[in-house]
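Note sheet for the following structure.
The values are calculated or read from the model by the stated rules, or taken from the named source; none is laboratory data. Source: prediction; values computed, not measured. All Cβ positions, glycine included, derive from the backbone under ideal geometry; neighbour counts span all protein chains shown.
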Amino acid sequence: MFGPGAYRPDPSDGMRAIADRTGKYAGSDEPHYLVKGDTLLKCTVTVYKMVDGVRCPFVGLALYEEFNNPKNKQWQSTDNSSPYQNEWNALIDAIVNDKPYNEVKRGVEASLVTSMGRMAAHTGQEITFDQMLNSDHEFAPDVDKLKEGSPAPLKADEKGMYPQPMPGKKKTEY
């Protein structure tokens, strides 16, 4: 159901955070939801970032079926109270009563979804959960080999500028 209080996936939070962290965040549009009947199908949002003095749009996409697939749910709020409080209660109950409680899969999938948003924003392509899961793209090549004093993995050009994503022009990030 897509109604008041329903969860609405919005890929813009991570995109805004990245743009803001670079000091180049230049606003965002309101999320656009595609709804069929009372079912949410997807959400798109445009976040703007300044690139070489030009306000450039980066579009993110979240497919609701990937967020709302019952086989992916390990925990769900059981009433209309705060889902955060309910999850906390479930965790405390598991600790006190020595019950299994594992949010690793959910956390990993949440991280994967943020990578989907990043890749979609940087390439201008629609990226699905399965595409991201099976992608051979490495966001930080050889980061596991970095040591104190290692050179930075991302190099500035002769003007001191770092590579910028070019949505629609490249199939990878940079």
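Of all the criteria given as (1) modelled with pLDDT under 75; (2) more than 22 Å from residue 132 (Cα to Cα), the one not satisfied by residue 53 is (1).
Whenever a residue of the stretch 86-112 is farther than 30 Å from residue 130 by Cα and at pLDDT below 80, it has no partner that is not hydrophobic (A, V, I, L, M, F, W, C) and not in a loop (DSSP other than H, G, I, E, B) lying with C-beta atoms less than 6 angstrom away and at least six residues away or across chains.
Can you tell me which residues in the stretch 21-50 are modelled with pLDDT under 75, closer than 19 Å to residue 161 by Cβ and either among the aromatic types (Phe, Trp, Tyr) or touching a Lys or Arg at 6+ places or on another chain (Cβ under 9 Å) (or both)? Answer for the stretch 21-50, where residues must be modelled with pLDDT under 75, closer than 19 Å to residue 161 by Cβ and either among the aromatic types (Phe, Trp, Tyr) or touching a Lys or Arg at 6+ places or on another chain (Cβ under 9 Å) (or both): just 22. Pairs linking a residue in the stretch 25-54 that is farther than 15 Å from residue 121 by Cα to a residue that is of a type in the set (S, T, N, Q) and in a strand (DSSP E or B), with Cβ atoms under 9 Å and 6 or more positions apart or on different chains, are 32/44; 32/46; 33/44; 34/44. Restricting the stretch 107-159 to residues that are in a loop (DSSP other than H, G, I, E, B), of a type in the set (Gly, Ala, Ser) and out of contact with any helix residue (DSSP H, G or I) (no Cβ under 9 Å at 6 or more places or on another chain) leaves a set whose member that is surrounded by the fewest Cβ atoms within 10 Å (Cβ to Cβ) is 149.
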